[in-house]
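The values are calculated or read from the model by the stated rules, or taken from the named source; none is laboratory data. Quick caveat: nothing in here was measured; it's all calculated off a predicted structure. With ideal geometry, Cβ positions are generated from the backbone for all residues, glycine too; neighbour counts draw on all protein chains shown.
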Amino acid sequence: MSTADSGSRKATGADRFDEVWNGVYVMDPMPNNEHQTLATELGIIFGALIDWNGLGWTFVGANVSDRERDWTENYRIPDVLVFLAETKAKDCGTHWCGGPDFAVEIIGTGDHTPHPDQATIGKCRRLTRCLNY
């Protein structure tokens, strides 16, 4: 994608779910309804267990990078993320620097997108699960 194209996507907000993988701009279509429903439901469950008990924070989609500055050069947006209260990741306001303590990346049937290991952006201390639907 050209810089002009990515700039126009940014100007209109169409880049909301785009990612950059080691300097390569990746633009996927929005996930289907089943994918979004599953992510939301998992977020609700983790939120009830983690957030409501003061153990940390749950996000349904959040920017995660391996850098505090220039983070837009390398970031991912996992479907569901959990950061425990004692996480080593840093909340930078616009993104998290360092991997979540738990991440879910939902991969649908027929999804051929090469999903990089989320732990490449920070050491996910627990487990990254891929759910196929």
Sole exception among (1) modelled with pLDDT of 90 or more; (2) of a type in the set (Asp, Glu); (3) in contact with a strand residue (DSSP E or B) (Cβ under 8 Å, 6 or more places away or on another chain); (4) within 18 Å of residue 18 (Cβ to Cβ) for residue 91, by number: (4)
Of (1) at pLDDT 95 or above; (2) more than 12 Å from the chain's Cα centre (by Cα); (3) of a type in the set (A, V, I, L, M, F, W, C), residue 107 fails just (1)
Could we say that residue 121 is under 17 Å from residue 39 (Cα atoms), at pLDDT below 90 and crowded, with 18+ Cβ neighbours inside 10 Å here? no
I'd like the residue in segment 52-104 that is charged (D, E, K, R) and buried (at least 16 other Cβ atoms within 10 Å of the Cβ) and, out of all such residues, is farthest from the chain's Cα centre (by Cα). 67
A careful count of residues in segment 39-90 that are among the hydroxyl-bearing types (Ser, Thr, Tyr), touching a residue at least 40 places away in the same chain (Cβ under 8 Å) and not in a strand (DSSP E or B) gives 1
